[in-house]
Amino acid sequence: MNSSTPARRRPGRGVAVAAGLVLALGLGTAAQASAAPRIADAEVRASSSSLARSDSGTPLSGRQMIRVLKSLLPKGAKVSDQQGQEGYGALVWDDGHGKSMIGVNSQHDMGDVLEGHMGCEGTYIECRALTLADGTQVKRAKRASEKGGSAVVWLVDTLHRDGRRVIVQEVNSYAEGGEVTRPQPPLTLDRLQAIALDSRWAG
């Protein structure tokens, strides 16, 4: 790790996560406004270039996304409510201490869209931005649910130098807008980061 910005500790709202859809970009309000045209362009390209791809160039299917995600989670927990689509997978994971929704979104060609927006702008409970030795940008953050209620979201957002982006996040509930099921999400930010940086998301 060769650079970082200090963690910010202030209550706030992040970008919403919609189950079954790609995870939110996690940008602050001002950044969302300035990046909106580029984000819109990226969404138009999503079906062909902004999703995880296999070696054949075909986007990873929802089934593949779920399979990889399950393989990277601790063993012994009950998995339910699996849902996926190209480049996206989510499930409910229960280790006996409360249900947690865990989701992953893998995209390609996101470098231009996210230029200047991988820092901790916006409002988070905690946030740290850093750059790894290989140039991968990483944001580790905790934020309040934007869906209402008292659930919290922990996330790790990674952007590789080639524009490949992987976001992994978890909630201390079966859904972001659901009732709290455990004091905090089950996985540490270190574990989320390891999942997000796994090479299998590249196909």
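The values are calculated or read from the model by the stated rules, or taken from the named source; none is laboratory data. This one's a predicted model, so the numbers in the text were calculated from it and none came from an experiment. Cβ coordinates were reconstructed from backbone atoms using ideal geometry, including for glycine residues, and neighbour counts include every protein chain displayed. What goes into the accessible areas is simple: the full protein's heavy atoms, side chains included, and nothing from ligands, DNA or RNA. Shrake-Rupley method; radii C 1.70, N 1.55, O 1.52, S 1.80 Å.
Is it true that Glu86 is closer than 19 Å to Asp198 by Cβ and of a type in the set (Asp, Glu)? Yes. Residue count for the range 47-71, restricted to those that are surrounded by fewer than 18 Cβ atoms within 10 Å (Cβ to Cβ) and either modelled with pLDDT of 95 or more or assigned to a helix (DSSP H, G or I) (or both): 7. Scanning the range 150-162 for residues that are touching a residue at least 40 places away in the same chain (Cβ under 8 Å) and open to solvent by less than 30 Å² (accessible area, probe 1.4 Å) yields Val153, Leu155, Val156, Asp157, Leu159. Among the residues of the range 167-203, those identified as at pLDDT below 95 and either touching a helix residue (DSSP H, G or I) at 6+ places or on another chain (Cβ under 6 Å) or part of a helix (DSSP H, G or I) (or both) are Ser199, Arg200, Trp201, Ala202.
So for the range 116-128 (the condition being surrounded by fewer than 21 Cβ atoms within 10 Å (Cβ to Cβ), basic (Lys, Arg) and within 18 Å of Gly203 (Cα to Cα)), does at least one residue qualify? No, that holds for no residue. Report whether or not Arg165 is open to solvent by 30 Å² or more (accessible area, probe 1.4 Å) and within 15 Å of the chain's Cα centre (by Cα). Criteria not met by Arg165. Residues that are among the hydrophobic types (A, V, I, L, M, F, W, C) and touching a His at 6+ places or on another chain (Cβ under 9 Å) within the range 160-183 comprise just one, Val166. Just to be sure, is Ser80 over 15 Å from Leu192 (Cα atoms), among the small types (Gly, Ala, Ser) and more than 16 Å from the chain's Cα centre (by Cα)? Judged against the criteria, Ser80 is a match. Can you report the number of residues in the range 88-133 which are under 20 Å from Ser71 (Cα atoms) and of a type in the set (Lys, Arg)? Looking only at that region, the number is 1.
Restricting the first member to the range 60-78 and to residues that are among the hydrophobic types (A, V, I, L, M, F, W, C), and the second to residues that are part of a loop (DSSP other than H, G, I, E, B) and open to solvent by less than 10 Å² (accessible area, probe 1.4 Å), the beta-carbon pairs closer than 6 Å and six or more apart or on different chains are Leu60/Ala52. The number of residues in the range 174-189 that are open to solvent by 60 Å² or more (accessible area, probe 1.4 Å) and under 13 Å from Lys142 (Cα atoms) comes to 2.
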